[in-house]
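K.L.:
For reference, the structure I am asking about is given below.
The values are calculated or read from the model by the stated rules, or taken from the named source; none is laboratory data. What you see is a predicted model; the values in this text were computed from it and never measured. Methodologically, a virtual Cβ is constructed for each residue, glycine included, from the backbone with ideal geometry; neighbour enumeration extends over all protein chains shown. What goes into the accessible areas is simple: the full protein's heavy atoms, side chains included, and nothing from ligands, DNA or RNA. Shrake-Rupley method; radii C 1.70, N 1.55, O 1.52, S 1.80 Å.
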Amino acid sequence: MTGTLFALKLRLFRNGPHNERAFSLVTGLVLAALVIAGAALAARGVIHQGWVLVALTVWGGMWVFGPLAQPRHDPSVISREWLRGYPLRPWRVARALAWTELAGVGPLITLASLSSLVVLAAPGGPAAAVIAAGAVVAQLYLLIWTGKTVAALAAWLLQTRAGTTMAAVQTAIMLAVSFAGWVPIAAWLLPRLGELDTELGRFPVPVIELLAALPTGWGYAAALGARDGTVFGQVVALLVAGGLLHLGWIALTARALRRPPRRATPRRAVVRRRPLPFAGPQVSAVAARELATWLRDPARGVELRSAWLTPLLMALIVAPSGWSWALPLAGPAGAVFGAMVAINTYALDGTALWQLLTTPGALRADVRGRMVAWGLLFGVPSVGLAAVLWAVTGSPLGGVAVAGAIVASATACAVAPLLAVVMPAVGTDARDRVYPGQQAGDPTGGQMTVFPVVLVAAALPFVLGGPGWVTVLSGMVPACAVLYAVPPLTVRLLRQRGTGLLDAMGSRSSLQAGRNAAGTRFVAGEHV
């Protein structure tokens with residue numbers, strides 16, 4: 001059975017979309033080559049070998065926290081839903097499926113990065129290089145099953161309301177650490193960068209010792225131990241910990257295969273809302289619907305909470321360091337994250353799109369209403385956060401940070417509905433989603449597109465420069481231009497592509513229903 005599942009996964013790799021996988025492979029191999037080059041320099045004594053440990057710790061952290069970045073997406077190529085109806089024991093299916101998880105882009109580029117341990121241990125002779133190669137395999141084994149187990153736990157927790165909140169908090173922590181976790185280290189190395197002093201400080205040795213004691217540094221410690229002729233028992237610890245996580249993943253997968261699918265049930269009554277004072281009745285109705293959907297839909301709820309928490313956690317990470325002048329930049333960061341989580345709203349709404357396509361004049365009001373709702377949920381908090389942090393810190397970057405938040409919010413507010421039409425990620429229809437762990441479409445492509453667009457918009461006031469409120473006022477000009485030019489384009493594309501998008505979502509729902517019906521007949525035939 002393992003061979004059959006391997007063949008299935010290879011066919012999916014060969015016949016599925018290759019753009020994102022090829023981009024990840026090339027980017028990952030380039031980064032791995034940089035780590036290997038750093039290890040070669042460290043072996044010659046050009047740089048301190050602790051920098052290799054820092055790079056490998058960051059790489060291992062991506063395995064630990066990466067699955068939490070998109071907790072509502074199934075990271076496996078072979079979906080559990082396909083195997084749920086087969087008349088096989090769940091433990092057998094889970095054991096066979098486990099080995100297919102070792103094939104993929106992530107393990108390949110991680111193996112290339114970890115080969116830097118062999119380069120570090122090479123000066124100790126052939127025996128040390130062989131031991132380091134064993135440490136590479138053991139470290140890879142631990143990292144893979146750590147990531148897979150974290151993803152399975154996240155999918156299990158997302159079936160409860162408390163788990164949804166926990167997943168949002170974990171996602172926010174991961175994003176905040178990824179984008180701002182380097183600041184305390186950089187503040188240690190460049191403590192007076194705010195005063196334009198670029199003298200490089202020394203890396204703290206206690207941090208290196210702490211990183212080596214973490215499981216992500218056990219392979220590094222084993223390689224150095226083999227090179228120096230000391231104890232290298234970390235290899236055994238890596239294999240034992242990886243084996244336990246491997247068994248844990250099998251248990252969680254078997255439990256998921258035994259669980260029957262559930263239907264969604266409404267939990268909140270409809271509440272009549274007052275129209276917004278600055279919008280027409282149609283736009284106000286759409287904005288009220290969007291606000292309610294962001295709070296009720298399980299797929300959007302995780303994204304909403306994580307987008308709110310991430311800039312706040314980034315500010316908490318930066319505040320204790322010597323870079324308090326950078327705190328107002330959390331405002332533009334909030335607009336960037338808000339744009340990324342709102343990139344797939346039309347596909348998330350599902351086949352309810354037919355109501356817009358069949359109602360005269362509804363498309364323009366829908367686009368405007370989505371923009372108003374986004375501005376209330378993300379835009380106003382982003383600008384307010386930048387302004388408050390400017391007032392508290394008195395940072396010289398406060399004015400450009402507020403202006404950047406204004407321009408980034410306007411750009412995200414207008415571009416998010418546009419990309420939701422241009423790059424939809426169709427998944428399970430909204431009426432069939434019970435919890436965020438279900439496949440609701442993978443908007444990675446849209447997120448990778450909107451991220452640099454909004455980031456460039458946020459950096460525009462930094463390029464223009466200017467003192468204080470002059471920069472803030474100058475940021476209003478590009479913001480108004482974007483809000484004026486982009487929405488009509490979105491409405492035009494929605495008129496042109498709306499029917500095709502509706503057909504795509506309807507066919508996906510019909511296909512899923514056909515799979516469920518086929519699986520039911522197959523099981524019933526086995527029992528007759």
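K.L.:
Do we have any residue at all in region 237-253 that's at pLDDT below 80, open to solvent by less than 80 Å² (accessible area, probe 1.4 Å), over 31 Å from the mean Cα position of the chain (by Cα) and of a type in the set (A, V, I, L, M)?
P.N.:
No, region 237-253 contains no residue that is at pLDDT below 80, open to solvent by less than 80 Å² (accessible area, probe 1.4 Å), over 31 Å from the mean Cα position of the chain (by Cα) and of a type in the set (A, V, I, L, M).
K.L.:
Additional query: Check Arg364, Arg370 and return the single one that is assigned to a helix (DSSP H, G or I), in contact with a Pro (Cβ under 9 Å, 6 or more places away or on another chain) and open to solvent by 50 Å² or more (accessible area, probe 1.4 Å).
P.N.:
Arg364
K.L.:
Would you confirm whether or not region 392-414 contains a residue that is in contact with a helix residue (DSSP H, G or I) (Cβ under 6 Å, 6 or more places away or on another chain) and at pLDDT below 80?
P.N.:
No, every residue in region 392-414 fails to be in contact with a helix residue (DSSP H, G or I) (Cβ under 6 Å, 6 or more places away or on another chain) and at pLDDT below 80.
K.L.:
Then there's this: With the condition kept exactly as written, say whether any residue in region 299-320 is of a type in the set (D, E, K, R) and at pLDDT below 80.
P.N.:
No, the conditions are met nowhere in region 299-320.
K.L.:
Could you count how many residues in region 376-419 are open to solvent by 40 Å² or more (accessible area, probe 1.4 Å), in contact (Cβ under 8 Å) with a residue 40 or more places away in the chain and either part of a loop (DSSP other than H, G, I, E, B) or among the hydroxyl-bearing types (Ser, Thr, Tyr) (or both)?
P.N.:
Residues meeting the conditions: 3.
K.L.:
Something else: Looking only at region 88-129, how many residues end up being over 31 Å from the mean Cα position of the chain (by Cα) and outside any helix (DSSP H, G or I)?
P.N.:
Selection size over region 88-129: 3.
K.L.:
Ok, one more. Please go through region 471-492 and give me each residue that is at pLDDT 75 or above and in contact with a Leu (Cβ under 7 Å, 6 or more places away or on another chain), ordered by number.
P.N.:
Selection gives Pro478, Val486, Leu489, Thr490, Val491.
K.L.:
For the subset of region 451-469 comprising residues that are at pLDDT 85 or above and open to solvent by less than 30 Å² (accessible area, probe 1.4 Å), which member is nearest to Leu419 (Cα to Cα)?
P.N.:
Per the stated criteria, the residue is Val454.
K.L.:
Taking the stated definitions as given, is Ala315 open to solvent by less than 10 Å² (accessible area, probe 1.4 Å), within 24 Å of the chain's Cα centre (by Cα) and in contact (Cβ under 8 Å) with a residue 60 or more places away in the chain?
P.N.:
no
K.L.:
At pLDDT 60 or above, open to solvent by 40 Å² or more (accessible area, probe 1.4 Å) and not hydrophobic (A, V, I, L, M, F, W, C): is that true of Gln512 in this structure?
P.N.:
So Gln512 fails the test.
K.L.:
Restricting attention to region 323-338, does a residue exist that is touching a residue at least 24 places away in the same chain (Cβ under 8 Å), open to solvent by 20 Å² or more (accessible area, probe 1.4 Å) and outside any helix (DSSP H, G or I)?
P.N.:
no
K.L.:
Look through region 130-155, keep the residues that are open to solvent by 20 Å² or more (accessible area, probe 1.4 Å) and over 18 Å from the mean Cα position of the chain (by Cα), and return whichever of them is farthest from Ile47 (Cα to Cα).
P.N.:
Tyr141
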